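Questions regarding the structure given below will be posed in turn.
The values are calculated or read from the model by the stated rules, or taken from the named source; none is laboratory data. As the structure is a computational prediction, the values presented were derived from the model and not from experiment. In this analysis, Cβ positions are derived from the backbone assuming ideal geometry, glycine residues included, and neighbour counts consider all displayed protein chains. Each accessible area value is taken on the protein alone, full model and side chains, heavy atoms only, with ligands, DNA and RNA left out. Shrake-Rupley method; radii C 1.70, N 1.55, O 1.52, S 1.80 Å.
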Amino acid sequence: MVFSSRSYEYVIIGAGLAAASAIGGIREMDGSRPVLLIGAEKHPPYDRPPLSKKLWFGKKKVEEIFIKDRKYYEENGVTLLEGRKAVSVDPLEKTVTDEKGERHSYKKLLIATGGIPRRLHIPGGQMEGICYFRTLDDYLAIREKSRSGSTALVIGGGFIGSELAAALNVNGVKVTMLFPEGHIASRVFPAYLGKAVQEEFIRKGVTVLNGDRPSSIEKKGDGFLVRTERGRTIEAEGLIAGIGISPETDLARSASLKIEDGIAVNEYLQTSAPDIYAAGDNAYFPYLALDKRMRVEHWDNALNQGRQAGRNMADAREPYEYMPYFFSDLFEFGYEAVGEVDASLETYADWKEENRTGIIYYLRDGVVRGAMMCGIWGKVDQARELIKKRERMDRMSLSGAIR
């Protein structure tokens, strides 16, 4: 049964950073017309990076990760509909229907529903107790079980897998990592850096099983028994899968919007239906500085793209030209990066201390496409300007190019 509901000038689906930032963008242009934010989680918008970083190291408390307090939404004319999943969008009627059958009318709509954790399609992969890590509730569940001396298997060696493995290790958990690639963070780390970082994990006491995949999962007592393709058997009390996300596109499909590697948008973040916008992890957008269409699954993109989408929903009509950066900390190794940071590109490393402090440049046909600042902070703007120049550079000219 479908129930009628009130109309809003702006409806935002999703309750993450992109959604919260869109509210700020709307209010920069339109100070009064009503906004509805629909979120499937039973929490107001919060930052995700602390879930695998600062919360584990005592640098933040859970109550500090929420982007705004409830008073902010009240004062800005925003209705929060928490714990409610939107299930379909009708672009002709300009309505959103939620799981309770309530229908919400909009003039402008933002789909900022992010991504869905990829799952293990193996026997036992859907077993209760496996954590496909993504949300605050996932963090709370894992944190409660992660006592010193306990054991955990982390499946995945990318951003989330490597950050969680480090965080659990620092908290006294005996961690095993399992992933098919040759080294940690193989999508962004060149082999020389990835292998050096991986050696640091091993020195810290993490058991790293690279080049292998799980083939089945069984329950064993209160924990799990995992068998691998290479014949290994791993027992662990906790099992966490951090194997990436897929863009959430179900709502876009319900509205017959154009889908590519995510929801296709133009430079103004409009979908194929001009009054519907997308921003954040599920938006496939033209990265103007790189002259390339792509998705960016990082905090800084959600922050800035969400704001721009909000402004454009309120008729700013401004292209999204921002170059988002990303960051990570793995034990004592930390970095900031911007641009097309893809390990399949040619790389040149300008080290001060090999594999610890320096700049890695990512090049295509001699042109800098991205840069990773390892152990060097505050240089993202310099890297952005270098990428925007699109000049061919050799090793001599790259040495000291970012200071």
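Would you check if residue 230 is assigned to a loop (DSSP other than H, G, I, E, B) and free of Cβ contacts under 8 Å to residues at least 40 places away in the same chain? Walk me through it before giving the result.
On the way: assigned to a loop (DSSP other than H, G, I, E, B): yes; free of Cβ contacts under 8 Å to residues at least 40 places away in the same chain: yes.
Against the criterion (assigned to a loop (DSSP other than H, G, I, E, B) and free of Cβ contacts under 8 Å to residues at least 40 places away in the same chain), residue 230 qualifies.
Going by what's in this entry, would residue 302 be described as in contact (Cβ under 8 Å) with a residue 60 or more places away in the chain and over 23 Å from residue 49 (Cα atoms)? Spell out the reasoning first.
Numbers: in contact (Cβ under 8 Å) with a residue 60 or more places away in the chain: yes; over 23 Å from residue 49 (Cα atoms): no.
Considered against the rule, which asks whether it is in contact (Cβ under 8 Å) with a residue 60 or more places away in the chain and over 23 Å from residue 49 (Cα atoms), residue 302 comes out as no.
Separate question: Filter region 1-37 down to residues that are buried (at least 24 other Cβ atoms within 10 Å of the Cβ) and touching a Lys or Arg at 6+ places or on another chain (Cβ under 6 Å) and give me whichever is nearest to residue 309 (Cα to Cα). Outline the logic, then answer.
Applying the first criterion (buried (at least 24 other Cβ atoms within 10 Å of the Cβ)) to region 1-37 yields 10-23, 25-26, 35, 37.
Of the ones still in play, those that are also touching a Lys or Arg at 6+ places or on another chain (Cβ under 6 Å) are 10, 21, 25.
Details: 10: 11, 21: 9, 25: 7 Å.
Taking the candidates together, the pick is 25.
In region 169-179, is there at least one residue being closer than 22 Å to residue 124 by Cβ and of a type in the set (Phe, Trp, Tyr)?
Yes: region 169-179 contains one or more residues that are closer than 22 Å to residue 124 by Cβ and of a type in the set (Phe, Trp, Tyr).
Kindly indicate whether any position in region 262-281 is in contact with a Gly (Cβ under 7 Å, 6 or more places away or on another chain), in a loop (DSSP other than H, G, I, E, B), open to solvent by less than 40 Å² (accessible area, probe 1.4 Å) and among the polar types (S, T, N, Q).
We begin by selecting, within region 262-281, every residue in contact with a Gly (Cβ under 7 Å, 6 or more places away or on another chain); these are 279-281.
From what's left, in a loop (DSSP other than H, G, I, E, B): 279-281.
Okay, now just the ones that are also open to solvent by less than 40 Å² (accessible area, probe 1.4 Å), so 279-281.
Applying the additional criterion that residues be among the polar types (S, T, N, Q) yields none.
The answer is no; no qualifying residue exists.
Applying the selection to region 250-261, what residues are surrounded by fewer than 22 Cβ atoms within 10 Å (Cβ to Cβ) and more than 30 Å from residue 157 (Cβ to Cβ)?
253, 254, 255, 256, 257, 258 - these are the residues of region 250-261 that are surrounded by fewer than 22 Cβ atoms within 10 Å (Cβ to Cβ) and more than 30 Å from residue 157 (Cβ to Cβ).
Of all strands (runs of 3 or more DSSP E) completely enclosed by region 290-403, which ones contain at least 3 residues that are open to solvent by 20 Å² or more (accessible area, probe 1.4 Å)?
Working: elements: 292-294, 325-330, 333-339, 346-353, 357-364, 367-374.
Answer list for region 290-403: 292-294, 325-330, 346-353.
Criterion first (surrounded by fewer than 22 Cβ atoms within 10 Å (Cβ to Cβ) and over 26 Å from residue 241 (Cα atoms)) does residue 72 satisfy it? Outline the logic, then answer.
Working: surrounded by fewer than 22 Cβ atoms within 10 Å (Cβ to Cβ): yes; over 26 Å from residue 241 (Cα atoms): yes.
The answer is yes for residue 72.
Return the residues of region 136-179 that are among the basic types (Lys, Arg) and farther than 15 Å from residue 202 by Cβ; say none if nothing qualifies.
So in region 136-179, the residues among the basic types (Lys, Arg) come out as 143, 145, 147, 174.
Those that are among the basic types (Lys, Arg) and farther than 15 Å from residue 202 by Cβ: 143, 145, 147.
For region 183-222: of the residues being among the acidic types (Asp, Glu) and in contact (Cβ under 8 Å) with a residue 24 or more places away in the chain, which is nearest to residue 333 (Cα to Cα)?
As a first pass, look at region 183-222 and keep what is among the acidic types (Asp, Glu): 199-200, 212, 218, 222.
Those still in the list that are in contact (Cβ under 8 Å) with a residue 24 or more places away in the chain too: 200, 212, 218.
Values: 200: 9, 212: 25, 218: 35 Å.
Only one residue fits best here, namely 200.
Condition check: out of contact with any helix residue (DSSP H, G or I) (no Cβ under 9 Å at 6 or more places or on another chain), surrounded by 15 or more Cβ atoms within 10 Å (Cβ to Cβ) and under 17 Å from residue 309 (Cβ atoms). Does residue 247 satisfy that?
Working: out of contact with any helix residue (DSSP H, G or I) (no Cβ under 9 Å at 6 or more places or on another chain): yes; surrounded by 15 or more Cβ atoms within 10 Å (Cβ to Cβ): yes; under 17 Å from residue 309 (Cβ atoms): yes.
Spelling it out, residue 247 is indeed out of contact with any helix residue (DSSP H, G or I) (no Cβ under 9 Å at 6 or more places or on another chain), surrounded by 15 or more Cβ atoms within 10 Å (Cβ to Cβ) and under 17 Å from residue 309 (Cβ atoms).
Which of (1) under 20 Å from residue 358 (Cβ atoms); (2) over 23 Å from the mean Cα position of the chain (by Cα); (3) of a type outside the set (Asp, Glu); (4) open to solvent by less than 30 Å² (accessible area, probe 1.4 Å) is the odd one out, the single condition residue 193 does not satisfy?
(2)
Let me ask something additional. Please enumerate the residues belonging to region 80-107 that are among the charged types (D, E, K, R) and either open to solvent by 30 Å² or more (accessible area, probe 1.4 Å) or part of a loop (DSSP other than H, G, I, E, B) (or both).
Scanning region 80-107 gives 82, 84, 85, 90, 93, 94, 99, 100, 102, 103, 107.
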